1. Condition first: over 16 Å from ASN104 (Cα atoms), touching a residue at least 24 places away in the same chain (Cβ under 8 Å) and charged (D, E, K, R). Now tell me which residues in the stretch 31-86 satisfy that.
2. Need at least 1 residues that are over 20 Å from PHE374 (Cβ atoms), at pLDDT 85 or above and in contact with a Gly (Cβ under 8 Å, 6 or more places away or on another chain) per element, so show me which helices (runs of 4 or more DSSP H) inside the stretch 75-169 make the cut, counting only ones lying wholly within it.
3. Can you tell which of VAL357, VAL308, VAL332, VAL319 is in contact with a Pro (Cβ under 9 Å, 6 or more places away or on another chain), surrounded by fewer than 24 Cβ atoms within 10 Å (Cβ to Cβ) and in a helix (DSSP H, G or I)?
4. Can you tell me which of LEU403, LEU371 is of a type in the set (A, V, I, L, M, F, W, C), part of a helix (DSSP H, G or I) and under 18 Å from the mean Cα position of the chain (by Cα)?
5. Checking the condition in contact (Cβ under 8 Å) with a residue 60 or more places away in the chain, under 30 Å from ALA361 (Cβ atoms) and in a loop (DSSP other than H, G, I, E, B), which residue from GLU192, GLU227 passes?
6. When you go through TRP303, TRP272, TRP325 one by one, which is the residue that is out of contact with any helix residue (DSSP H, G or I) (no Cβ under 9 Å at 6 or more places or on another chain) and among the aromatic types (Phe, Trp, Tyr)?
7. Consider the stretch 335-354. How many of its residues are outside any helix (DSSP H, G or I) and either at pLDDT 90 or above or surrounded by 24 or more Cβ atoms within 10 Å (Cβ to Cβ) (or both)?
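The values are calculated or read from the model by the stated rules, or taken from the named source; none is laboratory data. Predicted model only: the values in this text are computed from it and were never measured. So basically every Cβ, Gly included, is an ideal-geometry build from the backbone, and we count neighbours across all protein chains shown.
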Amino acid sequence: MSATHGIAPQRWMRLIPVAFITYSLAYLDRANFGFAAAGGMAEDLKITSGMSSLLSSLFFLGYFFFQIPGALYAANKSAKKLIFWSLILWGGLAMATGMISNVNFLIVIRFMLGVVESAVMPAMIIFLSRWFTKTERSRANTFLILGNPVTILWMSIVSGYLVKSMGWRWMFIIEGAPAIIWAFFWWRLIAEKPRQATRLSEQDKDALEDQLQLEQQNIKPVKNYAEAFRLKIVILLCLQYALWSIGVYGFVMWLPSIINAAPDSNIVTTGWLSSVPYLLAVVGMLGASYFSDKTLKRKVFVWPFLLVGAIAFYGSYLVGASNFWLSFALLVIAGGAMYAPYGPFFALITEALPKNVSGGAIALINSFGALGSFAGAYLVGYLNGSTGGFGASYIFMAGSLFLSSIITIVALNKNK
């Protein structure tokens, strides 16, 4: 680490803000659908509750199918180019969502939005793994993924006001445009690999590449993707991440509707309250990633948080509708706990597998996460609509997170 310490500030200040903003824009254009659904879109387009659940989850179906091709392109050709075009396309699709008047067009747009955003996460993890060493990687991943809760935090407030003052159509149009503009900043500011960076000296480039190469020597070789995808750790982490994502996206997509159903609530109040769990998420993510990098004990910064999330959802189920504020406080804890482990989780994948297959493995695991996200977004909406309450969906998310925490322990013990 000492060999690269001198260039660390340059990498953090140059790369992390750009990566953070890029990933933030992806989350802005996928999560604002929940506010449109709670803010009049269903009535305007005559969307039934069942169709609304399908539309919320269709994004993740598109996201699932194109993860691995996108990751392979990023690993073998250009993450920079892939993300540039993805920014332009998802910004255009998000804006188009505000212009449609037919639910069939909305079905196509939601699926295609998932397709064009699908490679961003694995491409970004691959990109950061080329620039940050083992003792930095959890924090680098965390600052990237912080784009999720931080964006939902301010998006919840801004979207509430936009829907109230201008309507859901203008919310999509206004919030879709920044991705297109930012694509050109991304292209200008980012170098694909350290060797291509004009701001680093040859000595700095050599020191960083030597350190990254040294870390690869401690990882058991894996010949190809076929072998990697059959490894027990990869299979178990696919299942683990799918179950984890059920909880996360059941929560993200339907929290506005849960809060909006409370007595005396309105869309602006919903926006403010929906932002609160993401404040805790930011604190949890920063703390978990810092101590994960200090100790390099990734597992203990993953499964305990998932277990806390499961307990909090179950507690909210027990409270039920009798005490909104206690139930809401437990949902805040669940939201924060679910987000905290992201940095350590993705760091452990790149440290358990050699770089020739880690990109594809991340994509495979993330694609199963997309299936879990699809199930969470769809089934939570279905359970809420069919039962007329939120208790069944709390139990569903609690069970998913509990199983995910158990599988985390099993998967990482198998890897020893």
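1. Residue satisfying the conditions is LYS80 alone.
2. Because the criterion is at least 1 residues that are over 20 Å from PHE374 (Cβ atoms), at pLDDT 85 or above and in contact with a Gly (Cβ under 8 Å, 6 or more places away or on another chain), the helices (runs of 4 or more DSSP H) in the stretch 75-169 that meet it are 79-97, 120-129, 134-145, 147-166.
3. On the way: VAL357 fails: in contact with a Pro (Cβ under 9 Å, 6 or more places away or on another chain); VAL308 fails: in contact with a Pro (Cβ under 9 Å, 6 or more places away or on another chain); VAL319 fails: in contact with a Pro (Cβ under 9 Å, 6 or more places away or on another chain).
So the residue among VAL357, VAL308, VAL332, VAL319 that is in contact with a Pro (Cβ under 9 Å, 6 or more places away or on another chain), surrounded by fewer than 24 Cβ atoms within 10 Å (Cβ to Cβ) and in a helix (DSSP H, G or I) is VAL332.
4. On the way: LEU403 fails: under 18 Å from the mean Cα position of the chain (by Cα).
Testing whether each residue is of a type in the set (A, V, I, L, M, F, W, C), part of a helix (DSSP H, G or I) and under 18 Å from the mean Cα position of the chain (by Cα) leaves just LEU371.
5. On the way: GLU227 fails: in a loop (DSSP other than H, G, I, E, B).
None of the others qualify; the one that does is GLU192.
6. Numbers: TRP303 fails: out of contact with any helix residue (DSSP H, G or I) (no Cβ under 9 Å at 6 or more places or on another chain); TRP272 fails: out of contact with any helix residue (DSSP H, G or I) (no Cβ under 9 Å at 6 or more places or on another chain).
Exactly one of TRP303, TRP272, TRP325 is out of contact with any helix residue (DSSP H, G or I) (no Cβ under 9 Å at 6 or more places or on another chain) and among the aromatic types (Phe, Trp, Tyr), namely TRP325.
7. As a first pass, look at the stretch 335-354 and keep what is outside any helix (DSSP H, G or I): 340-341, 353-354.
Applying the additional criterion that residues be either at pLDDT 90 or above or surrounded by 24 or more Cβ atoms within 10 Å (Cβ to Cβ) (or both) yields 340-341.
Adding up the residues that qualify gives 2.
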